[in-house]
1. Evaluate 2.2 N^0.38 Å with N set to the residue count of the range 220-269, then give the Cα radius of gyration divided by it.
2. At 7 Å along the Cα-to-beta-carbon direction for both Thr178 and Arg192, put a label point, then send me their distance in nm to one decimal.
3. At a Förster radius of 30 Å, what calculated FRET efficiency corresponds to the Cβ-Cβ distance of Thr90 and Lys264, to the nearest 0.05?
4. Suppose the chain between Glu256 and Leu67 were pulled fully straight at 0.36 nm per residue; how much longer would it get relative to their current alpha carbon spacing?
5. At 0.36 nm per residue, minus the direct Cα-Cα distance, what do Glu234 and Asn169 gain on full extension? Give it in nm, one decimal, please.
6. Using 7 Å Cα-to-Cβ label points, what is the Met244/Asp136 separation (nm, one decimal)?
Amino acid sequence: MDPVPGKRPVIQHIVQRLKETERADQFIISGMSTSLIPQVQEKLQAGLPWSPPYIKRLPETMPSKQLMWKLSFQTTPRLPIFKGKRIVDTRGGPLEIILVGAGTGSPTALPQLLFVQLVTLTGDFPPDGRENWTADEFQNGILDEGKGFCPLLIGDVIPVMWDGRAAVNELRFTDDSTWVRGRKFRIGARLRSSFDGARVLEAITEAFEVKDYPKIFQWKHYPPVLNDELWKLEHISKHGAFQMVLAQNNIHTVQEFVRMLMVKLRSSAR
């Protein structure tokens, strides 16, 4: 059947216009590609490092912040260390913690009070015998005494550091180290908070064994010797409430206890 007369020229005209329009679009797109695509690529490359997916990957490639300071034990504990016995340094004085430069090792100070926390570490810390570790590795090395148990370290466990120094006047272990792997402890020291956002490397002592007192040292004397500790007397338990109350009044030996009794008797006689 022949097409309707007069319709073919119209259809051909429409097809011709579409072809011309398509060629014009291609010309415009080609021109835009030549002039705009390089500019778009340049902008994308400049903004890519700050896009969210890229920012998340930055810590993996950027070096970690260098440590500026670290804690250090100025004095080391005197061995042997016994459970319940006061921990002193090799000269018989209190342990001392100082702040030093991480690169130089020279003593330094920060213009504010710092609070140090003392903890008990396993003897095999740090991992692989390294001299540097992360905060998480240090946390994982702390011995947890468990809920409801007495802390392993008692005394001045949070000394105050001023002018780059902190003294630990009273420190004792409440248990021996026979139950841990390696049978040894370390004392660790860390700041309770960072300074100006910077991390300060923790300090650790050498590994040591904490021993239980031999039974002979726990015997009570009769008659007691004046230089004996108070718990050598009958009815006074070692580290008991009575001994603690007397210690708060600077009464530590049998002689000091007898002197106190004599003063009380003279006062009551008057």
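Every number in this text was worked out from the coordinates using simple rules, so none of it is lab data. On a predicted model such as this, the values are computed, not experimentally measured, just so you know. FYI the Cβ positions are ideal-geometry reconstructions off the backbone, even for glycines, and counts take in every protein chain you see.
1. 1.13
2. Calculated label separation equals 3.5 nm.
3. So the FRET efficiency works out to roughly 0.15.
4. Contour length minus the Cα-Cα distance gives 63.0 nm.
5. So the extension gain works out to 20.5 nm.
6. Modelled inter-label distance: 3.9 nm.
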